[in-house]
Amino acid sequence: MKNKSFYRLLLFFFIVINADAFAQNRNVLPGWAFGGFARPKGMNPVISPDSSAIFVDPMTGLKTRWAANDTFNPAAAVRHNQIVVLYRSEDKSGVKISTRTSRLGYASSKDGFHFTRKAKPILYPGNDDQKEYEWPGGCEDPRVAVTEDGTYVMLYTQWNRKLPRLGAATSKDLMRWTKHGPIFQDAYAGKFLNMPTKSASILTAVKNDQQVITKINGKYYMYWGERHVYAATSTNLIDWTPMVDSKGDLLILASPRKGFFDSDMTECGPPSILTDKGIILFYNGRNHADERGDRRFNGGAYCAGQMLFDKTDPTKLLDRLEVPFLKPMEAFEKSGQYTNGTVFIEGMVWFEHKWFLYYGCADSKVAVAIFDPARPADPDPIVSTEQGIK
């Protein structure tokens with residue numbers, strides 16, 4: 001009897017300890033946040049490098065396998081009841097990321113999972129008035145949103161291997177684009193033209209079952225920034241004015257947090273969304289590799305977070321996730337150019353009453369995760385199963 005009582009007590013403590021560990025590992029999102037997002041089984045990655053795609057590069061006159069090395073960091077949009085993904089691709093002209101030339105490819109899908117890709121890129125460096133900003137580095141990391149009248153606006157990184165700058169382009173069909181140059185070239189007499197600028201997230205809202213660009217207080221808004229989160233306004237979606245503080249410096253809305261998954265970087269993701277609870281900014285947080293980081297996540301890993309801003313004052317930060325809702329878990333998210341692990345979110349669209357989130361995997365491939373508001377999945381656990389529960 002004593003042995004039975006002992007084993008029952010041992011079993012009880014085992015259950016209690018493991019239940020507590022499970023609770024600590026469970027990721028619970030606040031009511032304002034989107035998620036969880038589920039990776040569709042057997043579908044990912046949805047876009048991978050393609051060495052058969054060839055076009056004649058206008059800068060060199062040579063046939064180039066423009067998508068041979070990597071395909072990643074995608075924008076997404078909806079047109080004619082299809083999802084279009086515009087993905088960054090790299091050729092094999094260099095030895096590592098940022099030493100090759102990047103171009104943007106086009107892929108369309110009726111279901112969001114199976115894509116048909118065009119053989120040639122749709123945005124790339126050329127002998128045009130943007131050559132000084134885009135050659136030889138290329139066109140990188142696009143974010144795309146659409147106006148209510150059907151004009152697509154792309155904000156992307158122009159990279160000449162000297163300085164990254166945010167550039168704008170517009171299109172009516174997502175295939176033929178008009179480049180408008182650096183978005184900050186006119187603001188404050190060009191004060192911010194020659195400083196590094198990246199990662200712009202235009203404010204959108206769902207209206208009449210479509211995700212479109214929206215205004216607050218008569219202006220367009222966007223969040224931007226790679227290390228800190230900044231903001232900018234516009235009246236035409238092409239020329240943007242960064243928001244500044246009383247000293248004329250960039251107004252910082254959010255920054256990396258010591259001890260969190262975003263301890264090293266907070267880089268803006270896909271178009272932000274105006275909801276009844278506020279503005280949600282999706283962003284990419286990079287974990288610091290030393291004691292400043294969150295040791296539950298890999299040092300240098302990119303995970304996905306969300307911030308909540310006030311819906312009448314887009315500069316007022318109200319809340320922020322303490323742990324990521326999406327993190328590198330699958331093999332293709334941890335194996336590629338960036339071996340520390342990356343789920344780099346850039347494209348998200350409202351399609352068939354679900355949110356389709358497209359992201360770069362280890363700077364090498366493109367994957368998708370789905371948020372169904374009617375049947376939300378669990379967000380990624382705090383600690384992966386293979387890591388064990390700490």
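Couple of notes before you dig in:
- Cα pair distances exceeding 18 angstrom across region 116-215, given as percent: 50
- Each Lys and Arg Cβ is given +1 and each Asp and Glu Cβ -1; about its Cα centre, the chain then shows a dipole of about 740 debye.
- The Cα-based radius of gyration and maximum Cα-Cα distance (Dmax) for region 148-285 are 15.1, 44 Å.
- When the chain is described by a simple charge dipole with +1 on each Lys and Arg Cβ and -1 on each Asp and Glu Cβ, the residue from V95, M265, N284 located farthest towards its positive end is V95.
- Straight-distance candidates among the aspartates and glutamates for linking to K277, with alpha-carbon spacing under 12 Å and chain neighbours fewer than 8 residues away dropped: D310, D319.
- What the Cα convex hull of the chain gives, in volume per residue, is 161 Å³.
- Cα gyration tensor category, rounded, prolate or oblate, for region 203-249 with a/c compared to 1.5: prolate
- Cα-based reach from K92 at 24 Å (exclusive), listing lysines while leaving out same-chain residues under 8 positions away: K63, K118, K120, K131, K162, K198, K334, K365
- Pairs of C-alpha atoms in region 251-390 farther apart than 21 Å represent 42 percent of all such pairs.
- Considering only Cα atoms, the convex hull volume of region 160-210 works out to 124 Å³ per residue.
- 14 Å cut-off, amide nitrogen to a point 7 angstrom out along T275 Cα→Cβ, residues in region 30-53: 30-37
- When the alpha-carbon atoms of region 275-349 are used, the pair Rg, Dmax equals 14.1, 42 angstrom.
- Signed unit charges on C-beta, dipole axis of the chain, positive-most listed residue P314, C303, G218: C303
- Straight-line reach from K316: taking Cα to Cα under 14 Å and skipping same-chain neighbours fewer than 8 places apart, the aspartates and glutamates in range are D245.
- Taking every DSSP helix (H) stretch of at least 4 residues in the chain, weighting each as -39,500 (n - 2.57) and dividing the sum by the residue count yields a mean residue ellipticity at 222 nm of -2500 deg cm²/dmol.
- Here the calculated FRET efficiency for R375 and F332, from their Cβ-Cβ distance with R0 = 30 Å, stands at 0.75, rounded to the nearest 0.05.
Read-outs: derived from the displayed coordinates by stated rules, not from any lab. Owing to the predicted nature of the structure, the values given are computational and were not obtained by experimental measurement. Cβ coordinates were reconstructed from backbone atoms using ideal geometry, including for glycine residues, and neighbour counts include every protein chain displayed.
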